Amino acid sequence: MQSRGVVALEEGKDPATTFKSSHARALPLRLVQFLVMFVVLGLGVSMLSMHSIRFFPVQHVAPTAPSTIRPCFEEPSSLESRIRPPSNLLHAMNDTELLWLASHASQIKEYPFKRVPKIAFMFLTKGPLPMEPLWERFLRGHEGLYSIYVHSLPSYKADFSPTSVFYRRQIPSQVAEWGEMSMCEAERRLLANALLDISNEWFILLSESCIPLYNLSIVYHYLSRSRYSFMGSFDENGPYGRGRYDGRMAPLVNLSDWRKGSQWFEIKRELAVRIVGDTTYYPKFKDFCKPACYVDEHYFQTMLSIETPHLLANRTLTYVDWSRGGAHPATFGKADITEEFFKRIGSDTCLYNNQPTSLCFLFARKFAPSALEPLLELASKVFGF
Ligand SMILES: *[C@@H]1O[C@H](CO)[C@@H](O)[C@H](O)[C@H]1NC(C)=O
Ligand SMILES: *[C@@H]1O[C@H](CO)[C@@H](O)[C@H](O)[C@H]1NC(C)=O
Ligand SMILES: *[C@@H]1O[C@H](CO)[C@@H](O)[C@H](O)[C@H]1NC(C)=O
Ligand SMILES: *[C@@H]1O[C@H](CO)[C@@H](O)[C@H](O)[C@H]1NC(C)=O
């Protein structure tokens, strides 16, 4: 615009002098003066307006996120503006695009900015979240230390109130079926969406029937001090363990590499990137682990045990009761919720950073909606929130 201004200035001067020297007699002097004044005035106004825009930038204010104020004229963007988490979780990327984008990780371990690591709570649900009030209480007051992602059936329309911690935390979803690869795909979709926020460091997969057993301070402390990621992973003989292995996976996965473990995991960012970026194991598990091989109990467990065994605690943080037998674990309702019940859950022993501890589970499942009321009553006394 400046070079245009210069040209205009020269053009504006030239005709005036030419008029004076050769055509002065042909044109009335007043008209010449009027033209010159007109050009000078026009230039002045345009320069003034350019000046004022520079010093009083016009701002677009997004109605939902006041932090996204940007000047009208694009300034070179800062790192901060590039790593800001997306304010809207809805996007138009398909899985191929999403996983590609989310699998990029910096090779430099030091962050060149102040980063408060967050816990990503990822809810894999069918529809409603009956335990919402309990999670609300668990999370309230800890803003900045966590983020929430919800993957529900695409047909389900969430209606959380604008004050809820779950409001607008739904990600674009697809149908996920128990024991099928679509279940692992939903988990990868949750991980990928959560990875887009650079501050997320720990990724916890939960269901609608899960509850927290301690307050967020304790959970945060436990995760941030752990050397390992919590992916249940063990080598089990018999039909439900090694029996589900298909020899066509060799030599990528041999029988001795085959692992089984709980679907419900808590992993660090590094492992989340690996899972999202995997193109090696995915086709093998998709082709050769179909029901009665339940892929969500084997894929990530086996892959990570081969690739990064030294980063795994090989146990899950989510308590479940299989003691009643059958294909599904026990569901707890109103009558089960007592202080003694939670004392029993807390009486296990396990290893934490290679030291024995009785704090083995931070979450538990499966709880029926009828358990909510007694849980809210016990929460402050038993869970500390
Ligand atoms: C996503 O879109 C890209 C580009 O159009 C396409 O190549 C890819 O196959 C799509 N992936 C899926 C899972 O639909
Ligand atoms: C499986 O066995 C083959 C042959 O012994 C070996 O080359 C391959 O590395 C093994 N796979 C893994 C994951 O250890
Ligand atoms: C978890 O199991 C792997 C073998 O699959 C082993 O290498 C690793 O040391 C185990 N982790 C811990 C904390 O014991
Ligand atoms: C969290 O729970 C622990 C143990 O119950 C308690 O000592 C601590 O004060 C609680 N922290 C908060 C912030 O409520």
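Quick note: the coordinates plus some simple rules give every number you see, no bench work behind them. Just so we're clear, the structure is a prediction, and the values are computed from it rather than from any experiment. Note: ideal-geometry Cβ built from the backbone for every residue, glycine included; neighbour counts use all protein chains shown.
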* Output the peptides 341-350, 126-135 sorted from most to least packed, where packing is the average of other Cβ atoms within 10 Å over each peptide's residues. => 126-135, 341-350
* DSSP beta bridges in segment 206-363 [antiparallel fraction, %, rounded to 5] -> 75
* Mind ranking 146-156, 169-179, 97-107 by how tightly packed they are, going by the mean number of other C-beta atoms within 10 angstrom, highest first? => 146-156, 169-179, 97-107
* Lys, Arg +1 and Asp, Glu -1 on Cβ, resulting dipole of segment 183-254 about Cα centre, debye, nearest 20 -> 180
* Counted charge near residue 259, where neighbours are those whose Cβ lies closer than 13 Å (Asp, Glu -1; Lys, Arg +1) -> -2
* Structure fact -> Of the candidates 198, 142, 218, the farthest towards the positive dipole end of segment 122-240 (Lys/Arg Cβ +1, Asp/Glu Cβ -1, centred on the Cα centre) is 142
* Pop the C-beta distance of residue 355 and residue 167 into the FRET formula with R0 = 41 Å and round what comes out to the nearest 0.05. => 0.55
* With the Cα gyration tensor of segment 216-289 in hand, convert its eigenvalues to equivalent ellipsoid semi-axes via √(5λ) and list them largest first in whole Å. => 28, 16, 9
* Please work out the C-alpha center-to-center distance from segment 135-149 to segment 213-257 and express it in whole Å. => 27
* Rounded to whole Hz, the Karplus (6.51, -1.76, 1.60) HN-Hα couplings of segment 115-127, x for glycine and proline -> 10, 8, x, 10, 9, 9, 8, 10, 9, 9, 10, 7, x
* For segment 72-115, just say rounded, prolate or oblate: build the C-alpha gyration tensor, square-root its eigenvalues into a ≥ b ≥ c, call rounded for a/c under 1.5, and beyond that prolate if a/b exceeds b/c, oblate if not. => oblate
* Structure fact -> Ranked from fewest to most other Cβ atoms within 10 Å of their own Cβ, 233, 87 fall in the order 87, 233
* To do: Quote to one decimal, in nm, the extra length available between residue 83 and residue 322 on full extension: 0.36 nm per residue of separation minus the C-alpha distance between them.
  => 81.8 nm
* Give the distance, in whole Å, between the Cα centre of segment 179-195 and the Cα centre of segment 356-385. => 26
* Asked: Can you work out the FRET efficiency for the pair residue 246 and residue 73, with r the C-beta to C-beta distance and R0 = 56 Å, to the nearest 0.05?
  -> 0.40
* Where the only charges are on Cβ atoms (+1 Lys, Arg; -1 Asp, Glu), what is the dipole of segment 89-197 about its Cα centre, to the nearest 20 debye? -> 420
